[in-house]
Amino acid sequence: MDFPADLIRLLSNAQSMAVLTGAGVSQESGLRTFRDSQTGLWAQYKPQDLASPEAFAREPKLVWDWYAWRREAIKGVRPNAGHYALVELEKRNSAFTLITQNVDGLHQMAGSRQILELHGNIQRVRCSNCGCLAESWDEQSQEVPRCVDCGGLLRPDVVWFGEPLPRSQLEQAVQAARSCGVFFSIGTSGVVHPAAALPYSAHNQGAVIVEINAECTQLTGKADYFLQGKSGEILPELVKKLADTASR
Ligand code: OAD
């Protein structure tokens, strides 16, 4: 891709960066994005109808099994070139915050350090009653496993529709968005709040907005730069271009 020269100049001199990622970043690792259709057994359900406290109260086993299926799908999945490029971008910037809506843990696996997980992590499981994290559970159980301390039903440690985001993570994300010089929105449809508001907060504080997405989104019209395509291709090219520019 031919990057605009002024974008490369801007990124080379940027003092601080915040990056918001969504499911599109993991698409090239083989994980389906949220708004893609589901497969097989799960094709009849919308994720929005399973990822909610109401669904869990109504049919805990159904919701538990869906997450067990997703945990299984993530096993063996590896970060892609886009995840690794973000690790490099972090190394180049002392003030760098990675904000992710993804629960797959691939940014950590790639080696990113400063990560705010706004929607939790699917590999963690906690008690729906007392909140304590479970160290182990029986994945083969016919029933939803229960907390060893209080007997409450276990659930994934992710944020469901209608639930608040982890407060400290959200506060840090808002702070990063408001104080950064450049804000990247990558592989997210930008329709789920409050994460979707972060680029606008950054824009209102004067940050340059760079969007990388396979398709246009609601943010595209506001973005200073829209790089259309796959993040697993564009990000490595961008990081290489920055490295080449720096070594000249
Ligand atoms: P979506 O599935 O809504 O959007 C994925 C975005 O990635 C779309 O805009 C695609 O165009 C784009 N995309 C797909 N493949 C790509 C690629 N290879 N490179 C770049 N872009 C690509 O996923 P999110 O925006 O992450 O929340 O969804 C946000 C939240 O909604 C999720 O965290 C989840 C969901 O409901 C909760 O569960 C609370």
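Assorted remarks:
Rundown of residues vs (1) in contact with a Pro (Cβ under 6 Å, 6 or more places away or on another chain); (2) not small (Gly, Ala, Ser), yes/no style:
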position	(1), (2)
Cys130	no, yes
Val144	yes, yes
Arg167	no, yes
Ala177	no, no
Ser189	no, no
Glu215	no, yes
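- Qualifying residues in region 180-206 (those that are of a type in the set (Phe, Trp, Tyr) and in contact (Cβ under 8 Å) with a residue 24 or more places away in the chain) - the one farthest from the ligand (Cβ to nearest atom): Phe183
- Here Thr220 passes the criteria (1) more than 30 Å from Arg71 (Cα to Cα); (2) more than 12 Å from the ligand (Cβ to nearest atom); (3) touching a strand residue (DSSP E or B) at 6+ places or on another chain (Cβ under 9 Å) except the one numbered (2).
- Some residue of region 230-238 being under 19 Å from Thr33 (Cα atoms), without any contact (Cβ under 8 Å) to a residue 24 or more places away in the chain, assigned to a helix (DSSP H, G or I) and among the aliphatic types (A, V, I, L, M): no
- Consider region 9-27 and keep the residues that are assigned to a loop (DSSP other than H, G, I, E, B) and within 10 Å of the chain's Cα centre (by Cα). The one that is surrounded by the fewest Cβ atoms within 10 Å (Cβ to Cβ) is Ala23.
- Going through (1) within 13 Å of the ligand (Cβ to nearest atom); (2) more than 21 Å from Pro79 (Cα to Cα); (3) more than 17 Å from the chain's Cα centre (by Cα) one by one, Ile209 falls short only on (1).
- Matching residues in region 121-140 - criterion: being touching a helix residue (DSSP H, G or I) at 6+ places or on another chain (Cβ under 9 Å), within 21 Å of Ala73 (Cβ to Cβ) and either of a type outside the set (Val, Ile, Thr) or surrounded by fewer than 20 Cβ atoms within 10 Å (Cβ to Cβ) (or both): Asn121, Ile122, Gln123, Glu139
- Which listed residue is touching a helix residue (DSSP H, G or I) at 6+ places or on another chain (Cβ under 6 Å), under 29 Å from Val148 (Cα atoms), of a type in the set (A, V, I, L, M) and in contact (Cβ under 8 Å) with a residue 40 or more places away in the chain, from Val63, Val103: Val63
- Condition met for Val144 (buried (at least 16 other Cβ atoms within 10 Å of the Cβ) and part of a loop (DSSP other than H, G, I, E, B)): yes
- Whichever residue in region 38-63 is polar (S, T, N, Q) and away from the ligand (no atom under 11 Å from the Cβ) and, among such residues, is surrounded by the fewest Cβ atoms within 10 Å (Cβ to Cβ): Gln44
- Answer residue from region 110-141, given it is in contact with a Gly (Cβ under 7 Å, 6 or more places away or on another chain) and in a loop (DSSP other than H, G, I, E, B) and is nearest to Asp49 (Cα to Cα) among those: Ser128
- Residues that are farther than 21 Å from Gln101 by Cα and surrounded by 17 or more Cβ atoms within 10 Å (Cβ to Cβ), drawn from region 209-235: Tyr225
- Leading residue by the ranking (nearest to Ser201 (Cα to Cα)) among those in region 157-173 that are surrounded by fewer than 16 Cβ atoms within 10 Å (Cβ to Cβ) and away from the ligand (no atom under 13 Å from the Cβ): Glu171
- Test: residue in region 97-107 that is more than 16 Å from the ligand (Cβ to nearest atom), among the polar types (S, T, N, Q) and either within 14 Å of the chain's Cα centre (by Cα) or in the same structural domain as His193 (by TED's automatic domain parsing) (or both): yes
The values are calculated or read from the model by the stated rules, or taken from the named source; none is laboratory data. The structure displayed is predicted, hence computed values, not measured ones. Don't worry about glycine lacking a Cβ; one is built from the backbone with ideal geometry, like all the others, and counts go over all protein chains shown.
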